[in-house]
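The values are calculated or read from the model by the stated rules, or taken from the named source; none is laboratory data. What you are looking at is a predicted structure, and each value in this text was computed from that prediction instead of being measured. Cβ coordinates were reconstructed from backbone atoms using ideal geometry, including for glycine residues, and neighbour counts include every protein chain displayed. SASA here: full protein model, heavy atoms, side chains in, ligands and nucleic acids out. Shrake-Rupley method; radii C 1.70, N 1.55, O 1.52, S 1.80 Å.
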Amino acid sequence: MAWGLLTGDWDMGLGVALFFELLWLDHFPAGTYIPPNSLLATLVVLCLTRQCGLSEPGSLLVPIMLAVPLAHGAARAELLQRKWQDRSYNSLLRWARKGGQHGEGASPERLIARSMAQTALMSLVLFFVSFLFLAWLVGVMHETWPFIFETPAVTWPLLWLAAGMGGLLALRLRGAYQVFFAGIFVVAAISYL
């Protein structure tokens, strides 16, 4: 929604965001698991649409495929940042054992502010490095193989259907698999008619 408010391009913003949300529908942050960062992937792809002049869903296949590993990389970066923040525990413990005196250890407020600043800095650096690299790579690919960006038959519903398959298959129910294969048969039959 923020992309639509800032740029006025509601279709692209909602289309890309919905794709990545459906792609990792069955991944949710429970316990210590960190799911792929769909926000980073979404934002990088949306910025690439502006930078590279991509306006149709079919032209986004390559940037979307290139952004999927970014989301997994961002989850790993978050895990490293969390491990880095675990070091603050001892400082907080010293502060608590001394009765909350400012001279001993770090107060919760300072630890939280430092953690938020580190997370913001890490996110900004990760976004800019990812965006610059993918903008360069997509530009090179667009000059070298322009035909891979010209797939007019690909529409948003088709991309959403492909992304949603992971969530459907993650149910691990016989009925889900039957619906999946019946859907493939129906789509194939319609496309051949």
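Which percent of the accessible area of the chain is formed by carbon and sulfur heavy atoms (probe 1.4 angstrom)? Present the calculation step by step, with values, prior to reporting the outcome.
Values: 8580 of 12540 Å².
Carbon and sulfur atoms account for 68 percent of the accessible area of the chain.
Per residue of segment 111-124, in order, report the coupling 6.51 cos²θ - 1.76 cosθ + 1.60 (Karplus, θ = phi - 60°) as ³J(HN,Hα) in whole Hz, putting x for Gly and Pro.
After applying 6.51 cos²θ - 1.76 cosθ + 1.60, I find 5, 5, 4, 5, 5, 5, 5, 5, 5, 5, 5, 4, 5, 5 Hz.
I190 versus A120, label points 7 Å from Cα toward the beta carbon: distance in nm?
4.7 nm
Would you mind estimating how fast segment 32-85 diffuses translationally, via Stokes-Einstein at 4 °C and 1.567 mPa s with the Kirkwood radius over Cα pairs, in µm²/s? List each step's numbers first, then the result.
Numbers: Rh = 12.0 Å.
Rounded, D is 108 µm²/s.
Can you find, among S88, V45, L124, the residue farthest towards the positive end of the dipole of the chain? Put +1 on the C-beta of Lys and Arg, -1 on that of Asp and Glu.
S88
How much length is gained if the chain between Y177 and L161 is pulled fully straight, taking 0.36 nm per residue apart and subtracting their Cα-Cα distance, in nm to one decimal? Don't skip to the answer; put the middle values down first.
Working: separation 16, 0.36 × 16 = 5.76 nm, distance 1.43 nm.
Net length gain for the segment: 4.3 nm.
Taking Cα Rg over 2.2 N^0.38 Å straight from the coordinates, which label in [x] 1.13; [y] 0.95; [z] 1.32 is the correct one?
Recomputing Cα Rg over 2.2 N^0.38 Å here gives the entry labelled [z].
Just tell me the longest site-free run in the chain, where the sites are trypsin sites (Lys or Arg not before Pro) in a DSSP loop having at most 15 other beta-carbon atoms within 10 Å.
Details: sites that count: R87, K98, R172.
It works out to 1-86.
For the chain, what does the accessible surface come to per residue with a 1.4 Å probe? Please give it in Å².
With all protein chains present, the chain gives 65 Å² per residue.
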